[in-house]
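Chemist: Handing you this structure, nothing more for now.
The values are calculated or read from the model by the stated rules, or taken from the named source; none is laboratory data. Here the structure is a predicted model, which is why all the values come from computation and not from measurement. We place every Cβ from the backbone using ideal geometry, glycine too, and count neighbours over all the protein chains shown.
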Amino acid sequence: MFSKKMIRFQGFSLFLCLLAFMVGKTFAAEYWVQVDTADMTMVDGKKVPVWGFGLDRDKNFLTTDDYTISVPGPTLRVDPGDNTLIIHLKNNLSEPISLNILGQRLTNNSGPVWTNFPSDTQTWSGSRPAENYTARVRSFTHETLPGEVGEYRWESFRTGTFLLQSGTNPAKQVQMGMYLPIIKDAAQGSAYADVPYDEELIVVFHEVDPAIHRAIAAGTYGAVPDATIGSSIGRAPKYFLINGMSYPSEGLLPINGKMILLKGARLLIRFLNAGLDTHVPQLSESYIALWAEDGNRYLYPRETYGFELDTGKTVDAILVSPEGPPWKKHLYDARLNLNNDGVSPGGMLSFIKSSLPDHR
Amino acid sequence: MRRKRMDRIKKQIHFWVVVLMGAGLLFFGTSVQGAIVGESGSTFQLVAKSDVIATSDGDSTLIWGFAITDGVSGTTGRAQYPGPTLIVTEDVTVTITLQNELPYKAGNVSIVFPGQQVTATGGVGGLLTQEARPPEVLPSNAGVEQVVYTFTPTEPGTYVYRSGTRADLQTEMGLFGALIVRPAATPTGGSPGKTYAYNHIDSQYDREYLYLMSEMDPLIHRQVELLQLGDVDFTRYFPTNWFINGRNYPDLLAENYVPWLPTQPYNCQPRMHPGEKVLIRFIGAGRDVHPMHFHGNDFETIAVDGRLLSSEHGAGPDLAWQATTIKSVPGQTADLIWGWTGKELGWDIYGHSPDDPLEPDEYAPNHGKPFPVVLPPRDAVTYGAFYSGSPFLGGEGELPPGHGGLNAAGGYFYMWHSHTEKELTSNDIWPGGLISFMIVEHPDVPID
């Protein structure tokens with residue numbers, strides 16, 4: 001049953017569609033995204049400060065508190081027919097931010113943004129400032145300053161699985177949690193040409209070094225006076241996460257929720273590495289077919305039970321359900337990052353399940 | 001004068017080969033190997049135990065390893081690092097029985113076989129599979145707990161097995177090994193006298209060698225030795241010892257099963273004759289990647305994770321790729337085919353004159369081409385330990401006192417090593433770690 005609100009919303013959507021037709025524009029995916037600080041609770045109960053993305057629910061940035069920050073951020077999708085992605089970005093942090101999708105060309109990019117390192121009191125956009133050989137790039141793309149709203153447009157968005165990250169001081173802002181998956185299918189139910197799927201699973205690998213997070217949150221990280229941690233050179237992650245969770249978080253057991261995979265059903269697994277370490281996703285009980293890397297479809301799939309997933313990389317794989325439900329297959333990091341702050345078992349360990357349907 | 005010297009060398013070759021053949025057998029660095037050694041069969045009884053290995057920095061380190069139980073006498077050997085190389089046959093059901101004799105504090109133990117459809121029975125359910133408990137937690141009259149893993153390998157190839165219980169610590173301690181599945185029959189179009197890695201003629205090889213990569217943080221092994229298992233923290237992991245087939249350089253040059261390395265039975269000493277195809281079964285058993293660099297020629301990666309790199313089933317390794325360096329990826333296997341003829345040298349490796357007959361598999365276009373360099377006088381340069389004194393294959397020449405001497409049969413040594421050069425040490429002592437050598441031998445030098 002639909003609520004009145006939903007009907008009204010659907011009517012409004014229809015109106016928008018018609019409007020779009022009338023003005024003769026192609027469709028665009030449009031998102032309103034907030035960036036803010038949050039506390040993330042690790043599986044052992046310890047809290048770690050993070051910076052992350054959250055979708056603004058009323059799509060206008062007018063009301064506060066109508067967004068939830070998560071790490072990784074919410075999955076954004078661009079419909080198969082859409083060529084354009086627009087992200088309105090609200091910066092609630094106390095330093096500039098920007099957006100960068102690895103493998104996609106930002107159309108309205110006036111960056112990079114240069115600063116007079118380390119004081120950061122002056123900025124330039126575009127080319128290196130003339131005769132200035134000490135300026136450094138702070139942001140890959142144009143910045144959104146604290147408290148402000150920025151707009152980022154990708155007008156020829158490619159098909160595939162991609163990682164959106166902060167483009168500003170990425171060594172710091174990305175590891176604080178500013179990343180999310182962004183996806184465009186070739187067609188409804190088809191990731192790429194001739195790569196159809198029945199169900200989808202998104203798997204983001206990432207790690208947390210709480211000491212660096214705390215220093216960043218306290219403003220004592222990097223080239224600042226009284227820095228407690230000068231850089232990430234000594235980074236030593238203590239938490240090894242899949243989709244913001246680590247074993248034995250319920251959300252990893254199984255990682256794909258209640259999914260009924262009949263014999264022959266095709267499960268598309270989109271693997272992303274948003275961390276800074278290399279991971280090796282491995283299914284010890286099953287082969288999968290690797291179909292694409294960084295949004296590029298392979299000419300031929302590769303049959304394997306695991307693969308190397310480097311930082312910033314995405315890999316799309318198809319797992320064909322070998323039999324009807326129920327079954328269970330373990331998915332973990334074959335680099336054996338299987339602890340939570342040194343306590344074993346933990347970390348990057350989960351399973352994929354095909355569940356029996358509920359009895360009615 | 002150069003020609004004269006060459007002739008003299010050639011005459012010496014055959015004499016020296018015969019003499020050195022015998023000496024070579026005794027010699028450190030010239031072991032006899034053509035096929036990977038291990039435990040062949042379909043039924044295996046493994047016991048997880050503690051023991052100690054020797055590392056080339058002179059240390060001895062506590063390990064947990066799998067010991068094999070002799071099928072005839074029923075006696076169990078010592079734990080070994082890595083675990084036994086299990087050599088099985090495609091489509092023949094494999095049964096592996098596991099018992100736990102680790103110290104009580106080590107907890108349960110289990111094995112996962114990536115890529116195989118395993119049925120596990122007995123013991124208790126664990127995170128990834130059934131586990132065997134240590135005797136101390138069992139009722140006194142329960143006897144020994146046994147877990148049985150059964151699977152039927154449907155495809156030949158190279159595989160790995162690793163612990164599935166507290167896998168970070170148990171893998172670090174040594175509970176892993178290689179699994180080799182040999183084809184059930186000669187592939188279509190193949191010849192019965194030849195060997196094949198997969199069910200396709202393009203996987204033919206003449207010799208095979210195992211490269212099973214692992215690493216160790218000795219501090220963790222100390223903590224385990226002191227039973228401070230609660231203090232083991234893998235977020236502080238910092239390996240300083242690296243292994244191929246469980247030994248580091250130079251120990252890996254010694255023969256298989258030497259008595260002074262009782263818990264490290266496997267060596268890594270590839271040798272070949274020019275023109276042969278060498279299959280390298282390459283396995284990442286640890287947790288780090290190691291970029292192994294195979295000097296001397298490109299290899300072809302024909303398979304990954306026990307599957308030929310094929311555009312479609314039955315097409316053979318038509319998607320094989322060539323390179324000189326490949327990373328060992330944790331939990332992953334790859335099959336590489338490497339060959340060497342001396343083709344790119346542009347001179348005759350045998351020092352032939354154009355009228356001489358060809359050696360077996362000699363690269364004919366180079367036949368009789370002169371050596372392009374005037375060799376410096378004997379005492380003008382320093383020679384490496386593996387230089388025979390002659391630039392020609394199987395040759396011997398004069399060396400100054402104290403030089404050379406480690407190349408018994410005048411072979412060509414190609415260093416096969418990690419390009420993460422700090423891994424060429426054993427606990428900060430160079431040379432050690434991930435150094436090995438392929439020796440290309442004169443056709444008259446017997447290898448098998």
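Chemist: May I ask you to say which residue of A:F271, A:F240 is under 18 Å from the mean Cα position of the chain (by Cα), of a type in the set (A, V, I, L, M, F, W, C) and more than 30 Å from A:A186 (Cβ to Cβ)?
Modeler: A:F240
Chemist: Report, ordered by the first and then the second residue, all pairs with beta carbons closer than 6 Å, sequence separation of six or more or different chains, a first member in the stretch A:324-342 that is more than 25 Å from A:D198 (Cα to Cα) and more than 8 Å from every other protein chain (Cβ to nearest Cβ), and a second member that is surrounded by fewer than 24 Cβ atoms within 10 Å (Cβ to Cβ) and acidic (D, E).
Modeler: As it stands, the answer is A:N340/A:D44, since those pairs meet every condition given.
Chemist: Sticking with this one: Could you grab me the full set of residues in the stretch A:57-80 that are surrounded by 19 or more Cβ atoms within 10 Å (Cβ to Cβ) and either part of a strand (DSSP E or B) or of a type in the set (D, E, K, R) (or both)?
Modeler: Scanning the stretch A:57-80 gives A:L76, A:V78.
Chemist: In addition: Condition test on B:R287, is it within 14 Å of B:D202 (Cα to Cα), within 13 Å of another protein chain (Cβ to nearest Cβ) and in contact (Cβ under 8 Å) with a residue 40 or more places away in the chain?
Modeler: Answer is no for this residue.
Chemist: Would it be correct to say that B:A67 is modelled with pLDDT of 95 or more and within 22 Å of B:P250 (Cβ to Cβ)?
Modeler: No.
Chemist: With a cut-off of at least 1 residues that are within 25 Å of A:P72 (Cβ to Cβ) and of a type in the set (K, R), name the strands (runs of 3 or more DSSP E) lying wholly within the stretch A:121-195.
Modeler: A:136-139, A:149-154, A:179-184
Chemist: All but one of (1) within 12 Å of chain A (Cβ to nearest Cβ); (2) touching a residue at least 60 places away in the same chain (Cβ under 8 Å) hold for B:E208; which doesn't?
Modeler: Of the numbered conditions (1) within 12 Å of chain A (Cβ to nearest Cβ); (2) touching a residue at least 60 places away in the same chain (Cβ under 8 Å), the odd one out for B:E208 is (1).
Chemist: B:T121 - would you say it is more than 23 Å from B:L227 (Cα to Cα) and in contact (Cβ under 8 Å) with a residue 12 or more places away in the chain?
Modeler: It is true that B:T121 is more than 23 Å from B:L227 (Cα to Cα) and in contact (Cβ under 8 Å) with a residue 12 or more places away in the chain.
Chemist: Looking at the stretch B:407-435, which of its residues are under 15 Å from the mean Cα position of the chain (by Cα) and in a loop (DSSP other than H, G, I, E, B)?
Modeler: B:G433, B:L434
Chemist: Same structure, new question: Please specify each residue of the stretch A:312-339 satisfying the condition of being under 22 Å from the mean Cα position of the chain (by Cα) and assigned to a strand (DSSP E or B).
Modeler: Correct list: A:T314, A:V315, A:D316, A:A317, A:I318, A:L319, A:L331, A:Y332, A:D333.
Chemist: Condition first: modelled with pLDDT under 95 and either surrounded by 22 or more Cβ atoms within 10 Å (Cβ to Cβ) or in a strand (DSSP E or B) (or both). Can you find one or more residues in the stretch A:282-299 that meet it?
Modeler: yes
Chemist: Answer yes if at least one residue in the stretch B:154-168 is away from every other protein chain (no Cβ under 13 Å), surrounded by 18 or more Cβ atoms within 10 Å (Cβ to Cβ) and more than 28 Å from B:K422 (Cα to Cα), and no otherwise.
Modeler: Checked against the condition, which is being away from every other protein chain (no Cβ under 13 Å), surrounded by 18 or more Cβ atoms within 10 Å (Cβ to Cβ) and more than 28 Å from B:K422 (Cα to Cα), the stretch B:154-168 yields at least one hit.
Chemist: Further, regarding this structure: Are any of the residues in the stretch B:290-300 within 14 Å of chain A (Cβ to nearest Cβ) and either buried (at least 18 other Cβ atoms within 10 Å of the Cβ) or within 27 Å of B:T171 (Cβ to Cβ) (or both)?
Modeler: Within the stretch B:290-300, one or more residues are within 14 Å of chain A (Cβ to nearest Cβ) and either buried (at least 18 other Cβ atoms within 10 Å of the Cβ) or within 27 Å of B:T171 (Cβ to Cβ) (or both).
Chemist: One residue is enough: does the stretch B:232-244 have a residue meeting the conditions within 12 Å of chain A (Cβ to nearest Cβ), of a type in the set (S, T, Y) and outside any helix (DSSP H, G or I)?
Modeler: yes
Chemist: Ok, one more. Does any residue of the stretch B:261-270 turn out to be under 17 Å from the mean Cα position of the chain (by Cα), in a strand (DSSP E or B), among the polar types (S, T, N, Q) and more than 10 Å from chain A (Cβ to nearest Cβ)?
Modeler: Checked the stretch B:261-270: no residue is under 17 Å from the mean Cα position of the chain (by Cα), in a strand (DSSP E or B), among the polar types (S, T, N, Q) and more than 10 Å from chain A (Cβ to nearest Cβ).
Chemist: Answer yes or no as to whether A:G54 is at pLDDT 95 or above, at positive phi and not in a helix (DSSP H, G or I).
Modeler: no
Chemist: Out of (1) in contact with a helix residue (DSSP H, G or I) (Cβ under 8 Å, 6 or more places away or on another chain); (2) within 18 Å of B:L128 (Cβ to Cβ), the odd one out for A:K353 is which?
Modeler: All conditions are met except number (1).
Chemist: For the stretch B:261-315, name all the residues that are closer than 23 Å to B:I68 by Cα and touching a helix residue (DSSP H, G or I) at 6+ places or on another chain (Cβ under 8 Å).
Modeler: B:L261, B:Q264, B:N267, B:C268, B:A285, B:G286
Chemist: List pairs: first residue in the stretch B:175-186 and on the phi > 0 side of the Ramachandran plot and at pLDDT 95 or above, second residue of a type in the set (K, R) and surrounded by fewer than 24 Cβ atoms within 10 Å (Cβ to Cβ) anywhere in the structure, Cβ distance under 8 angstrom, at least six positions apart or on different chains.
Modeler: Once the first residue is on the phi > 0 side of the Ramachandran plot and at pLDDT 95 or above and sits in the stretch B:175-186, no partner that is of a type in the set (K, R) and surrounded by fewer than 24 Cβ atoms within 10 Å (Cβ to Cβ) comes close enough.
Chemist: Let me ask you something else. Going through the stretch A:300-311 one residue at a time, which ones are part of a loop (DSSP other than H, G, I, E, B) and within 11 Å of chain B (Cβ to nearest Cβ)?
Modeler: Matches in the stretch A:300-311: A:Y305, A:F307, A:E308, A:D310.
Chemist: Where in the stretch B:95-214 are the strands (runs of 3 or more DSSP E), entirely inside, with at least 1 residues that are within 20 Å of the chain's Cα centre (by Cα)?
Modeler: B:157-162, B:176-182
Chemist: Go through the stretch B:347-368 and count every residue that is crowded, with 16+ Cβ neighbours inside 10 Å and in contact with a Gly (Cβ under 6 Å, 6 or more places away or on another chain).
Modeler: 4
Chemist: Something else now. Output the residues belonging to the stretch B:321-331 that are of a type outside the set (S, T, Y) and touching a residue at least 60 places away in the same chain (Cβ under 8 Å).
Modeler: B:G331, the sole residue that qualifies.
Chemist: Restricting attention to the stretch B:317-355, report how many residues are within 13 Å of another protein chain (Cβ to nearest Cβ) and in a loop (DSSP other than H, G, I, E, B).
Modeler: So the answer is 7.
Chemist: Anything in the stretch A:102-132 that is more than 26 Å from A:H88 (Cα to Cα), of a type in the set (A, V, I, L, M, F, W, C) and out of contact with any Lys or Arg (no Cβ under 9 Å at 6 or more places or on another chain)? List them, or say none.
Modeler: Result: A:A130, single match.
Chemist: What are the residues in the stretch A:250-275 that are on the phi < 0 side of the Ramachandran plot, away from chain B (no Cβ under 14 Å), surrounded by fewer than 20 Cβ atoms within 10 Å (Cβ to Cβ) and outside any strand (DSSP E or B), if any?
Modeler: A:E250, A:G251, A:K258, A:M259, A:I260, A:L262, A:K263, A:A265
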